[in-house]
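The values are calculated or read from the model by the stated rules, or taken from the named source; none is laboratory data. Just so we're clear, the structure is a prediction, and the values are computed from it rather than from any experiment. Here the Cβ positions follow ideal geometry from the backbone for every residue, glycine too, while neighbour counts run over all protein chains shown.
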Amino acid sequence: MGLFGRSGKGAPFDWLVVGLGNPGPKYANTRHNVGEQAVALLAERHDATLKGGRDNALVAETRFGDERVVLAFPITFMNDSGQAVGALVRRYRIETPEQLIVIHDELDFPPGELKVKNGGGLAGHNGLRSINQHLKSQDFLRIRIGVGKPDAKEFGKGHVLSKVPKQERELLDIKVADAADAAEMIIGSGVDAAMQQYNGKPL
């Protein structure tokens, strides 16, 4: 069961939406931070402000219609994202992994591809691996934004952390908006509807 269903104070929130990335201006517009950009966009759309506080994360509490939603960006650096996510799951009394949506960059997809996934493997992604370690569950929902692969594996870190060329940046901005739309659709209509809409075919 991991951390889910643990009692906290106050009424449980319905959803926790986490955008992964690295903190600080140096990383703000890199490929690795597309998840963070999507959460920032969601906060803007719902008139919420991401604020620092406890739990090593910038957090905004808001509503999507009748659903109580927490938006969060861990500021622990990608490899320790689970530390913040575990604390947020406890604090906001998120009862099941299916109420956690993680938005992240995906090297295995070309830029411009976006897919919604329900649970599954960690695909070598350090942020997802850290979340799994802290939650003892891989059953959370993911919105994966393609950022493409570098020419050789050893360039992976440089690729996700380097400045993005203008044309690709414009494409990623569209996908960040799509990721925000996908999160709203999961919350409003369910993950199956979002998978149908964004994946084109079941994964």
Next item on the list: For VAL147, work out the one condition from (1) under 30 Å from ARG68 (Cβ atoms); (2) touching an Asp or Glu at 6+ places or on another chain (Cβ under 6 Å); (3) not small (Gly, Ala, Ser) it doesn't fulfil.
Entry: (1)
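Pick out the one residue from LEU58, LEU114 that is over 16 Å from HIS134 (Cβ atoms), touching an Asp or Glu at 6+ places or on another chain (Cβ under 7 Å) and buried (at least 21 other Cβ atoms within 10 Å of the Cβ). Give the derivation first.
On the way: LEU58 fails: touching an Asp or Glu at 6+ places or on another chain (Cβ under 7 Å).
From the options LEU58, LEU114, the qualifying one is LEU114.
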Checklist line | Which listed residue, of GLY158, GLY121, GLY190, is small (Gly, Ala, Ser), on the phi > 0 side of the Ramachandran plot and surrounded by fewer than 20 Cβ atoms within 10 Å (Cβ to Cβ) | finding: GLY190
Next item on the list: Using the structure shown, decide if GLN83 is polar (S, T, N, Q), under 17 Å from the mean Cα position of the chain (by Cα), farther than 19 Å from VAL116 by Cβ and not in a loop (DSSP other than H, G, I, E, B).
Entry: yes
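Regarding the stretch 58-78, can at least one residue be identified that is within 20 Å of LEU161 (Cβ to Cβ) and polar (S, T, N, Q)?
Yes, that holds for at least one residue.
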Checklist line | Selected residue (only one of LEU141, LEU161 is touching a residue at least 40 places away in the same chain (Cβ under 8 Å) and over 21 Å from VAL17 (Cα atoms)) | finding: LEU161
Check: For the stretch 24-41, what are the residues that are surrounded by 14 or more Cβ atoms within 10 Å (Cβ to Cβ) and either at pLDDT 95 or above or out of contact with any helix residue (DSSP H, G or I) (no Cβ under 9 Å at 6 or more places or on another chain) (or both)?
Finding: ASN33, VAL34, GLY35, GLU36, GLN37, ALA38, VAL39, ALA40, LEU41
Note to self: Of everything in the stretch 59-80, what is within 19 Å of GLY24 (Cβ to Cβ) and either polar (S, T, N, Q) or in a loop (DSSP other than H, G, I, E, B) (or both)? Give them in sequence order.
What the structure shows: ILE75, THR76, PHE77, ASN79
Next item on the list: Return the total of residues in the stretch 124-155 being among the aromatic types (Phe, Trp, Tyr) and exposed (fewer than 15 other Cβ atoms within 10 Å of the Cβ).
Entry: 1
Check: Is it the case that the stretch 176-188 has a residue that's free of Cβ contacts under 8 Å to residues at least 12 places away in the same chain, of a type in the set (Gly, Ala, Ser) and out of contact with any helix residue (DSSP H, G or I) (no Cβ under 7 Å at 6 or more places or on another chain)?
Finding: no
Notebook entry, point to check: How many residues are assigned to a strand (DSSP E or B) and closer than 20 Å to ASP105 by Cα if we restrict to the stretch 24-58?
Noted result: 2
Check: Does at least one position in the stretch 6-13 carry a residue that is of a type in the set (Lys, Arg), farther than 26 Å from PRO150 by Cβ and either over 14 Å from the mean Cα position of the chain (by Cα) or surrounded by fewer than 21 Cβ atoms within 10 Å (Cβ to Cβ) (or both)?
Finding: yes
